[in-house]
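Remarks on the structure that follows.
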Amino acid sequence: MKIHKEGYPSLLIVTIFAAIVIGAGYYFSSSFSNPQLIEAIAVVIGVAFFLIVLQFFRNPHVEIERNEKHIIAPADGKVVVIEEVEETEYFNDKRRQISIFMSPINVHVNRNPLSGVVSYFKYHPGKYLVAWHPKASTDNERTTVVVKQPETNTEILFRQIAGALARRICWYVKEGQPVVQGNEFGFIKFGSRVDIFVPLDAQINVDLEQKTKGGKTVIATLK
């Protein structure tokens, strides 16, 4: 299991914190009637906290089956929204929105849902409402990415959305950049949500509450 590059600064801080907790346990244990128990509790707290944060930044290898007709899940998580909406930032018309909620236990790597060229990118500073809040898509800190598939002239819009816990969005794309389906386009620390907007005539292949695997689950098929 690889550790994602975004995790190293956080893991350094957590290692220092864990060392302080364990050191404090040993230092103050003599003040208690059962010092061995206090030392053991300090070790368990320090190690457990380190392991919890470590799993946030795991980056497992994923075998990608690329298909120009498939829109694949950009993240691990659970489908929380499937609805027709008016997309007002870029398309200014109706699209089908599919939203995937990433919990703290999910892999937080974000992957390109299709291959193509980035035709639009924008970072929006904003609030940190809980990810399932109705206004999270429009009010929270977020990025908007549009990828155009040259072969079919199809454009797909997707957003990384920060939440109450996830307060740092990382992205690795810019306008004019070619991207490959399944490759990383970003990372959201400690989970949150990704929205995908597909054409109305696309076939939706997932259901509400269904779990998704980033880079694997085909969430929609283009006509």
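The values are calculated or read from the model by the stated rules, or taken from the named source; none is laboratory data. Worth saying up front: this structure is predicted, and the values here are computed from it rather than measured. We place every Cβ from the backbone using ideal geometry, glycine too, and count neighbours over all the protein chains shown. For accessibility, only protein heavy atoms count, side chains too; no ligands or nucleic acids. Shrake-Rupley method; radii C 1.70, N 1.55, O 1.52, S 1.80 Å.
Under 8 Å between Cβ atoms, at least 6 apart or on separate chains: pull out the pairs that start in the range 179-204 with a residue that is closer than 17 Å to Ile64 by Cα and β-branched (Val, Ile, Thr) and end on any residue that is outside any loop (DSSP other than H, G, I, E, B) and open to solvent by less than 20 Å² (accessible area, probe 1.4 Å).
Matching pairs, first to second residue: Val179/Gly116; Val179/Val118; Val179/Val147; Val179/Phe185.
Just wondering, is there one or more residues in the range 59-73 that are outside any loop (DSSP other than H, G, I, E, B), in contact with a His (Cβ under 6 Å, 6 or more places away or on another chain) and either of a type outside the set (Phe, Trp, Tyr) or in contact (Cβ under 8 Å) with a residue 24 or more places away in the chain (or both)?
Scanning the range 59-73 turns up at least one residue that is outside any loop (DSSP other than H, G, I, E, B), in contact with a His (Cβ under 6 Å, 6 or more places away or on another chain) and either of a type outside the set (Phe, Trp, Tyr) or in contact (Cβ under 8 Å) with a residue 24 or more places away in the chain (or both).
Just name the residue that is least open to solvent (accessible area, probe 1.4 Å) out of those in the range 133-151 that are assigned to a loop (DSSP other than H, G, I, E, B) and at pLDDT 80 or above.
Restricting to residues being assigned to a loop (DSSP other than H, G, I, E, B) and at pLDDT 80 or above, the top hit is Glu141.
Restricting to the range 185-200, give me the number of residues that are open to solvent by 20 Å² or more (accessible area, probe 1.4 Å) and either closer than 15 Å to Phe121 by Cα or modelled with pLDDT of 95 or more (or both).
2
Quick test for you: out of Thr221, Thr212, pick the one residue that is in contact with a Lys or Arg (Cβ under 9 Å, 6 or more places away or on another chain), of a type in the set (Ser, Thr, Tyr) and farther than 15 Å from Val80 by Cα.
Details: Thr212 fails: farther than 15 Å from Val80 by Cα.
Residue meeting the stated conditions: Thr221.
Of the numbered conditions (1) modelled with pLDDT of 95 or more; (2) open to solvent by 10 Å² or more (accessible area, probe 1.4 Å), Val130 satisfies every one except a single condition; which is it?
Single failed check for Val130: (1).
Given the options Glu68, Glu39, name the one that is out of contact with any helix residue (DSSP H, G or I) (no Cβ under 8 Å at 6 or more places or on another chain), at pLDDT 90 or above, surrounded by 12 or more Cβ atoms within 10 Å (Cβ to Cβ) and farther than 18 Å from Val109 by Cα. Can you show your working first?
Details: Glu39 fails: out of contact with any helix residue (DSSP H, G or I) (no Cβ under 8 Å at 6 or more places or on another chain).
So the residue among Glu68, Glu39 that is out of contact with any helix residue (DSSP H, G or I) (no Cβ under 8 Å at 6 or more places or on another chain), at pLDDT 90 or above, surrounded by 12 or more Cβ atoms within 10 Å (Cβ to Cβ) and farther than 18 Å from Val109 by Cα is Glu68.
When the range 93-114 is examined, which residues are found to be closer than 21 Å to Leu200 by Cα and open to solvent by less than 40 Å² (accessible area, probe 1.4 Å)?
Answer for the range 93-114, where residues must be closer than 21 Å to Leu200 by Cα and open to solvent by less than 40 Å² (accessible area, probe 1.4 Å): Arg95, Gln97, Ile98, Ser99, Ile100, Asn112, Pro113, Leu114.
Restricting attention to the range 74-98, which residues are free of Cβ contacts under 8 Å to residues at least 24 places away in the same chain and under 20 Å from Ser119 (Cα atoms)?
Glu86, Thr88, Asn92, Asp93
Looking at this structure, is Val85 of a type outside the set (Lys, Arg), farther than 30 Å from Pro9 by Cβ and surrounded by 15 or more Cβ atoms within 10 Å (Cβ to Cβ)?
no
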